[in-house]
Amino acid sequence: MSAERKVVRTRDVMTDEFAMIDGLMTVRDALQIFKDQDAKVLIINKRHDDDEYGLLLLSDIAKKVVAKDRSPERVNVYEVMAKPVVSVDPHMDIRYCARLFENFGLAHAPVIENEQVLGVVSYRSIVLKGLLEH
């Protein structure tokens, strides 16, 4: 008889390596926040109750600003961010989170509960924290 597997939840592996910013900010200012706060992800705040969160990764900036030879001082975050984003519940089993990432081509997702961003989950945190620490 096999032992029961302990369920590891996204809240157990999520990180706080993110910062909340405004979508009207320039990409140059966003880059400074990435650097100053050692953030892996920037979450773009909702502008009003009917809005959705956005997400900005360094890869978005590389693809949509650097590769297209655009000036980071003249591009606003809202022009290059992903929005709306797929979010995950903090109680989701990391196995299903990994499957969700695969099904939708994701690498990062905000962990949201009661309309509040609690953290960010990524393949890195799922594997390193989910498998090594549990």
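Computed from label points 7 Å out along Cα-Cβ, the spacing between Lys46 and Leu31 is 3.2 nm. For the chain, modelled as a GNM whose springs connect Cα atoms under 10 angstrom apart, the maximal fluctuation among Val120, Val85, Val77 occurs at Val85. If you run the Gaussian network model on the chain, springs between alpha carbon atoms under 10 Å, then out of Lys83, Lys40, Lys68 the most flexible one is Lys68. Against the chain, whose longest principal axis is taken from its Cα atoms, helix 123-132 shows a tilt of about 30°. How large is log10 of I(q)/I(0) for the stretch 82-134 at q = 0.31 Å⁻¹ when the intensity is taken from the Debye formula with one equal scatterer per alpha-carbon? Log10 I(q)/I(0), no solvent term: -1.38. The lysines whose alpha-carbon is closer than 21 Å to the alpha-carbon of Lys64, local same-chain residues fewer than 8 away aside, are Lys35, Lys40, Lys83.
In the stretch 64-105, taking the dipole from charged Cβ atoms about the Cα centre, the farthest positive-side position among Ser87, Ser71, Leu100 is held by Ser71. Dividing the mean sequence gap of close Cα pairs (under 8 Å, 6+ apart) by how many residues the stretch 51-105 holds gives a relative contact order of 42 percent.
Within the stretch 10-132, DSSP assigns beta bridges of which about 70% are antiparallel (rounded to the nearest 5).
The aspartates and glutamates whose alpha-carbon is closer than 13 Å to the alpha-carbon of Lys46, local same-chain residues fewer than 8 away aside, are Asp22, Glu115.
Between His91 and Gln116, what FRET efficiency comes out of the Förster formula 1/(1 + (r/R0)^6) with R0 = 22 Å and r the beta carbon distance, rounded to 0.05?
Working: r = 14 Å, r/R0 = 0.66.
With a Förster radius of 22 Å, E is 0.95.
Using a cutoff of 8 angstrom between alpha carbon atoms and counting only pairs six or more residues apart, the relative contact order for the chain works out to 31 percent. By DSSP, the beta bridges lying fully in the stretch 6-81 are antiparallel in about 50 percent of cases. I'd like the distance separating the alpha-carbon centroids of the stretch 13-32 and the stretch 65-134, in whole Å. Here the answer is 13 Å between Cα centres. What lysines sit close enough to Lys68 to cross-link, taking a C-alpha to C-alpha distance under 19 Å and skipping anything fewer than 8 places away on the same chain? Reachable lysines: none. Build a GNM of the chain with springs between Cα atoms under 10 Å apart, and of Val66, Val117, Val88 the one that fluctuates most is Val66. When +1 charges are put on Lys and Arg Cβ atoms and -1 charges on Asp and Glu Cβ atoms, the dipole computed for the chain relative to its Cα centre reaches about 520 debye. Taking Cα atoms only, the orientation of helix 27-36 departs from the longest principal axis of the chain by about 50 degrees.
For the chain, the longest principal axis of the C-alpha atoms and the axis of helix 94-104 are separated by about 40°.
FYI, it's all coordinate maths here, none of it is from the lab. Source: prediction; values computed, not measured. Glycine also receives a Cβ, built like all others from the backbone with ideal geometry; neighbour counts cover every protein chain displayed.
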